[in-house]
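Engineer: Pasting in a structure now, in structure tokens, and then I'll have a few things to ask.
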Amino acid sequence: MWTPRPSRQETAPTAGLALEFSDLLGCWDRPLAHALSPHLGTDQAILTCSGTAALMIALRCLAGESHRHQVVLPAYTCPLLVRAVAAAGLVIRLCDNRPGHFEMDPQVLKTLCGPDTLAVIPAHLGGRLADMTQVTAITHDCGATVIEDAAQALGARHADGTAAGLAGDIGFVSMAAGKGLSIYEGGLLMSRDASRLQALRAVAGTVPRFSLWEARRMLELIGYALFYRPGGLRMAYGRPLRRALRKGDLVNAVGDQFGAKIPLHRVSRWREAVGVSAAERLSALLKFQRKQARERLPSLRAIPGITVLDDVDRGQGTWPLFMLVMTCQADRDAALSRVWHRGLGVSRMFIHALPDYDYLRDVVPREATPRASDFAARTLTISNSPWLSDADFGQILQVLQHPR
Ligand SMILES: *Cc1c(COP(=O)(O)O)cnc(C)c1O
């Protein structure tokens, strides 16, 4: 499965778990939450139709128990969170990062938390774990709830051994295309607290059982099995990417454009069974990624002017990709202009800080979050896919050494 990528093929921007055709027959003997329990630290997770849907359910549940209205998001995070908070009829507050990182600045968070704060949503990005200890203390001080966004960190563990997603009061992971294990769209919602879990389950139970969305997702999952491989990605990912880049449409180049409507429906038993079948290979993939990350990190770190985000005292993250912060935007842009289109798995995560998306202007507060904007301007990602050969990785290193 992990043969080096032949030339003229495409590397995915993140190292997702590729499906094998036999997965499409499904493995029907247990729920997906059970199959993933070694990674989630619980077998009680609730299967949802997306990570965003999991968050929607969590927010509905909290809003039903409280008169508080505000939800604090990191200023650099997935735009889907904005959609979920808005759809739940709640008010978004943005917390700026600490410098050179995607994490919320605890000092800023303190000023945002108050008697109207319902929830705070720290996120782990690209498998790198954000601090939960300080965020939790500040959030609990004001009587609010921590929702841990582990969408990009399925299989990561905090320093005390707690699984990512289980360290907050509520947590969720995503199984969208390209994120670790994928059933094309899916999520898992969890909590350590049994009564909280029961409340979440009650809200999840109100989600419609049948939907045309599910029929569409089933077809998309077959497409994913067909195209999420080095040959297929050229057509399914590379071509639209290069078209968007030619047009200068960076938001669509990374798939950051999300509509206001968030589908809410049940996941079919078939898609769940496909996930169970693929889940057997997740440990091996995560292990391979850690090994390849250990091998490749030193040469990235040796390049002057580049910081690679890592797990400093943070436990064991996952390594779907490397997140690099460069000294200035000009270098980052110069490097990207030379490699982004080349199928080598170099990309950007979220294009902007949340206030900087034109299309979200009506829903995102105009709070100044200069450090999040700066982080967006200096960051790039490199896939840690098994399909990215040493030779290709070497080409990326060369560009990074002399971006201009
Ligand atoms: C993808 C993502 C989500 C949403 O998950 P979906 O399954 O795509 O709805 C939430 N947060 C972060 C950080 C993400 O990357």
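Engineer: Taking segment 41-69, which residues are within 17 Å of VAL363 (Cβ to Cβ) and buried (at least 20 other Cβ atoms within 10 Å of the Cβ)?
Structural biologist: If the condition is that a residue be within 17 Å of VAL363 (Cβ to Cβ) and buried (at least 20 other Cβ atoms within 10 Å of the Cβ), then THR52, LEU55, MET56, LEU59 are the ones that fit.
Engineer: Tell me yes or no: at least one residue of segment 75-90 is crowded, with 24+ Cβ neighbours inside 10 Å and farther than 30 Å from ARG266 by Cβ.
Structural biologist: Yes.
Engineer: Report yes if ARG332 is under 24 Å from LEU90 (Cβ atoms) and not small (Gly, Ala, Ser), otherwise no.
Structural biologist: no
Engineer: Taking segment 109-138 only, how many residues are away from the ligand (no atom under 16 Å from the Cβ), touching a Ser or Thr at 6+ places or on another chain (Cβ under 9 Å) and either without any contact (Cβ under 8 Å) to a residue 40 or more places away in the chain or under 30 Å from CYS328 (Cβ atoms) (or both)?
Structural biologist: Count: 1.
Engineer: Tell me, please, whether a residue that is β-branched (Val, Ile, Thr) and more than 26 Å from ARG378 (Cα to Cα) can be found in segment 92-100.
Structural biologist: no
Engineer: While we're here: Just checking, which of CYS61, CYS27 is more than 16 Å from the ligand (Cβ to nearest atom), in contact (Cβ under 8 Å) with a residue 40 or more places away in the chain, touching a helix residue (DSSP H, G or I) at 6+ places or on another chain (Cβ under 7 Å) and outside any loop (DSSP other than H, G, I, E, B)?
Structural biologist: Matching residue, one of CYS61, CYS27: CYS61.
Engineer: Right, something else. Please return the ranges of helices (runs of 4 or more DSSP H) entirely within segment 229-307 where 3 or more residues are at pLDDT 95 or above and under 22 Å from the mean Cα position of the chain (by Cα).
Structural biologist: In segment 229-307, the matching helices (runs of 4 or more DSSP H) lie at 269-279, 282-301.
Engineer: Is it true that some residue in segment 264-281 is more than 19 Å from ALA54 (Cα to Cα), free of Cβ contacts under 8 Å to residues at least 60 places away in the same chain and surrounded by fewer than 17 Cβ atoms within 10 Å (Cβ to Cβ)?
Structural biologist: no
Engineer: Ok, one more. From the list LEU19, LEU94, which one is within 16 Å of the ligand (Cβ to nearest atom) and at pLDDT 95 or above?
Structural biologist: LEU94
Engineer: Being touching a residue at least 12 places away in the same chain (Cβ under 8 Å) and part of a strand (DSSP E or B), is that true of even one residue in segment 352-362?
Structural biologist: Within segment 352-362, not a single residue is touching a residue at least 12 places away in the same chain (Cβ under 8 Å) and part of a strand (DSSP E or B).
Engineer: Let me ask another. How many residues does segment 165-187 hold that are of a type in the set (S, T, N, Q) and either part of a loop (DSSP other than H, G, I, E, B) or surrounded by fewer than 24 Cβ atoms within 10 Å (Cβ to Cβ) (or both)?
Structural biologist: 1
Engineer: Scan (1) more than 9 Å from the ligand (Cβ to nearest atom); (2) touching a residue at least 40 places away in the same chain (Cβ under 8 Å); (3) touching a helix residue (DSSP H, G or I) at 6+ places or on another chain (Cβ under 8 Å); (4) of a type in the set (Val, Ile, Thr) for the single condition VAL146 breaks and write down its number.
Structural biologist: The single condition VAL146 does not satisfy is (2).
Engineer: Can you name the residue in segment 363-404 that is of a type in the set (A, V, I, L, M) and in a loop (DSSP other than H, G, I, E, B) and is also surrounded by the most Cβ atoms within 10 Å (Cβ to Cβ) among such residues?
Structural biologist: Top of the filtered list is LEU388.
Engineer: Here is a follow-up. What single numbered condition from (1) within 15 Å of the ligand (Cβ to nearest atom); (2) at pLDDT 95 or above fails to hold for THR14?
Structural biologist: So the condition that THR14 fails would be (2).
Engineer: Can you go through ARG216, ARG196, ARG192, ARG209 and tell me which one is out of contact with any strand residue (DSSP E or B) (no Cβ under 6 Å at 6 or more places or on another chain), more than 16 Å from the ligand (Cβ to nearest atom) and assigned to a helix (DSSP H, G or I)?
Structural biologist: So the residue among ARG216, ARG196, ARG192, ARG209 that is out of contact with any strand residue (DSSP E or B) (no Cβ under 6 Å at 6 or more places or on another chain), more than 16 Å from the ligand (Cβ to nearest atom) and assigned to a helix (DSSP H, G or I) is ARG196.
Engineer: Right, here's the next one. I'm trying to understand the selection: among the residues of segment 138-164, which are touching a His at 6+ places or on another chain (Cβ under 9 Å) and assigned to a loop (DSSP other than H, G, I, E, B)?
Structural biologist: Hits for segment 138-164 are ALA150, ALA151, GLN152, ALA153, LEU154, GLY155, ALA156, ALA164.
Engineer: Right, next: Can you confirm whether segment 16-38 contains a residue that is crowded, with 23+ Cβ neighbours inside 10 Å, under 20 Å from ALA202 (Cα atoms) and of a type in the set (A, V, I, L, M, F, W, C)?
Structural biologist: yes
Engineer: Let me ask something additional. Among the residues in segment 147-161, are any on the phi > 0 side of the Ramachandran plot and in contact with a Ser or Thr (Cβ under 7 Å, 6 or more places away or on another chain)?
Structural biologist: yes
The values are calculated or read from the model by the stated rules, or taken from the named source; none is laboratory data. Computed from a predicted model, the values in this text were never measured in an experiment. With ideal geometry, Cβ positions are generated from the backbone for all residues, glycine too; neighbour counts draw on all protein chains shown.
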